[in-house]
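Have a look at the structure below, then the notes.
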Amino acid sequence: MCWSQRGGPVTHVFRGTFIHSTPETALQVLEDALLGVDTAGKFFMPGMIDTHIHASQYSYAGTALDMPLLQWLNTYTFPVESHFKDLEFAKKVYTQVVKRTLRNGTTTACYFATIHTDASLLLGQIANDFGQRALVGKVCMDRNNSVKHYRETVQESVDETHRFIKELLNKKYPLVKPVVTPRFAPSCTEALLEQLGTIAKNNNLHIQSHISENIDELKLVKELFPDSETYTDIYHKFNLLTDKTIMAHGCHLSDKELTVFRETGTSLSHCPNSNVSLCSGILDARNVLNHKVKLGLGTDVAGGYSSSILDAVRRTLDASKVLTIQNPQHQTLTFEEVFRLATLGGSQALSLDDQIGNFEIGKDFDALRVNVAARGGPIDLVQFDHLTSYSLFPPICPLKGDDRNIVEVFVAGRKVVPCEDLA
Ligand code: XAN
């Protein structure tokens, strides 16, 4: 740690040529110099990674949380998602969600779109235009008895998935990739799951889906797939569990299933806001980590009502503390562990940790510049005057701060917040 002459730590170091005047020299040129700046209350942290978010559900985030998962899907989600065949509507919502999540410090997002290929391609284009790193999934589902016009045949789903992958890759967006997206086992027949496993394998693509979120869902899965011993076995059987697979929720996975996750390199997205908002369950994240399963955080908009990973950090701590209240032997997650889940953990969960997740040499500069005492922000100066250690700044911001404290956002070295409104 370097300290400035005024006693505060040097929090910014700029490298380059500096030109100034001194009492002795009218113009002093300092070539290839390092300038340390003492800006108390400001720091850089890695960009946050949302490992599970439904871009199409952003349109009703913060409403409609009065039902458990299966009824919620049938009543709200499927009718809303069916509207995304309208590209104007899709453009409006996808522009909002990309702008908002970037503003919230999400430098990488793993998105579910809808079954509509052109609207899903549009989401990829919008993420690229605004400079967000993104995995984008065209949703696949050939089973839906409640909203019959919102489903595909196996052949349509397979053909459109091929088209989606081909057209998105042809765009050559540097930071946007396609992800094979079977919605979840209850929405897909075995025939479709099998084909999607093959497509992902042949194209070496990421895969995303949901698993073991809610008890009624588990019962439905048993009815629909009577030959599979566990929920995990269904995906495993069709080659959908790989080291590029991310499964959301997993609240009710057994230790045996978590072992399959570890063996296959499959990761989990912890979505604590959604898990509580839809009364689905509480993931024991400590147990997941003990099983050495890769774990990241997800907002799961709109089962989760917040599109901020800072919210997911808080909810993850709360969920862990609830488990400790229920069982004092439970080893509560620490703030530091949860901070890691929001950043490096997310990058590992998406198998992007060779590129992002922290400031190790060789990685891309996906970063947030944070100002604890941002003017008009939620943290009062008087509080942080009481702090004696600069090491307390990082915790206070994720726990009390919000987007007002995130003054700049960089993705792959490009400043994307503040940004020109491209819409
Ligand atoms: N399972 C789901 N869970 C969830 O939280 N949101 C969804 O859209 C969904 N689809 C299947």
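Looking only at residues of segment 256-273 that are touching a residue at least 40 places away in the same chain (Cβ under 8 Å) and part of a helix (DSSP H, G or I), we find that the one that is surrounded by the most Cβ atoms within 10 Å (Cβ to Cβ) is 272. Can you find a residue that is in contact with a His (Cβ under 8 Å, 6 or more places away or on another chain) and at negative phi anywhere in segment 121-132? So far as segment 121-132 goes, no, none of its residues is in contact with a His (Cβ under 8 Å, 6 or more places away or on another chain) and at negative phi.
Give 276, 288 a once-over and let me know the one that is among the β-branched types (Val, Ile, Thr), assigned to a helix (DSSP H, G or I), buried (at least 18 other Cβ atoms within 10 Å of the Cβ) and within 13 Å of the ligand (Cβ to nearest atom). Before you say what the answer is, go through the steps one by one.
Details: 288 fails: within 13 Å of the ligand (Cβ to nearest atom).
So the residue among 276, 288 that is among the β-branched types (Val, Ile, Thr), assigned to a helix (DSSP H, G or I), buried (at least 18 other Cβ atoms within 10 Å of the Cβ) and within 13 Å of the ligand (Cβ to nearest atom) is 276.
Just one of the listed residues (78, 112) is closer than 23 Å to residue 166 by Cβ, within 12 Å of the ligand (Cβ to nearest atom) and in contact (Cβ under 8 Å) with a residue 12 or more places away in the chain, and it is 112. When segment 294-349 is filtered for residues that are assigned to a helix (DSSP H, G or I), among the hydrophobic types (A, V, I, L, M, F, W, C) and within 17 Å of residue 108 (Cβ to Cβ), the ones remaining, listed by number, are 309, 310, 312, 313, 339, 341, 342, 344, 349.
Any idea which of 246, 207, 234 is free of Cβ contacts under 8 Å to residues at least 60 places away in the same chain and closer than 30 Å to residue 132 by Cα?
Details: 246 fails: free of Cβ contacts under 8 Å to residues at least 60 places away in the same chain; 234 fails: closer than 30 Å to residue 132 by Cα.
Testing whether each residue is free of Cβ contacts under 8 Å to residues at least 60 places away in the same chain and closer than 30 Å to residue 132 by Cα leaves just 207.
Condition check for residue 301 on (1) under 23 Å from residue 230 (Cα atoms); (2) touching a residue at least 60 places away in the same chain (Cβ under 8 Å); (3) within 16 Å of the ligand (Cβ to nearest atom): one failure, at (1). When the residues of segment 18-51 are filtered to those that are among the β-branched types (Val, Ile, Thr) and out of contact with any helix residue (DSSP H, G or I) (no Cβ under 8 Å at 6 or more places or on another chain), which remaining residue is modelled with the lowest pLDDT? Per the stated criteria, the residue is 37.
Hey, could you check segment 172-224 for residues that are of a type in the set (Lys, Arg) and over 18 Å from residue 116 (Cα atoms) and say which is surrounded by the fewest Cβ atoms within 10 Å (Cβ to Cβ)?
Checking each candidate, the answer is 172.
Take the conditions farther than 27 Å from residue 79 by Cα, without any contact (Cβ under 8 Å) to a residue 60 or more places away in the chain, within 14 Å of the ligand (Cβ to nearest atom) and surrounded by fewer than 21 Cβ atoms within 10 Å (Cβ to Cβ) and apply them to residue 252. Does it pass? When the stated conditions are applied, residue 252 passes them. Of the strands (runs of 3 or more DSSP E) lying entirely inside segment 26-128, those carrying at least 1 residues that are of a type in the set (Ser, Thr, Tyr) are 48-54, 106-112.
Mind listing just one residue for me: the one in segment 145-154 that is polar (S, T, N, Q) and out of contact with any Asp or Glu (no Cβ under 9 Å at 6 or more places or on another chain) and, of those, surrounded by the fewest Cβ atoms within 10 Å (Cβ to Cβ)? Full working, then the answer.
Quick first cut of segment 145-154, residues polar (S, T, N, Q) only: 145-146, 153.
Subsequent filtering for residues that are out of contact with any Asp or Glu (no Cβ under 9 Å at 6 or more places or on another chain) retains 145-146.
Details: 145: 7, 146: 14.
Selected residue: 145.
Among the criteria (1) crowded, with 16+ Cβ neighbours inside 10 Å; (2) among the polar types (S, T, N, Q); (3) part of a helix (DSSP H, G or I), the one residue 242 does not fulfil is (3). Sub-8 Å Cβ pairs linking a first residue in segment 173-199 that is at negative phi and part of a strand (DSSP E or B) to a second residue that is of a type in the set (Phe, Trp, Tyr) and away from the ligand (no atom under 15 Å from the Cβ), at least 6 apart or interchain, are 178/164, ordered by first then second residue.
The values are calculated or read from the model by the stated rules, or taken from the named source; none is laboratory data. None of the values given here were measured: they were computed from a predicted structure. Cβ atoms come from the backbone with ideal geometry, glycine included; neighbour counts cover every protein chain shown.
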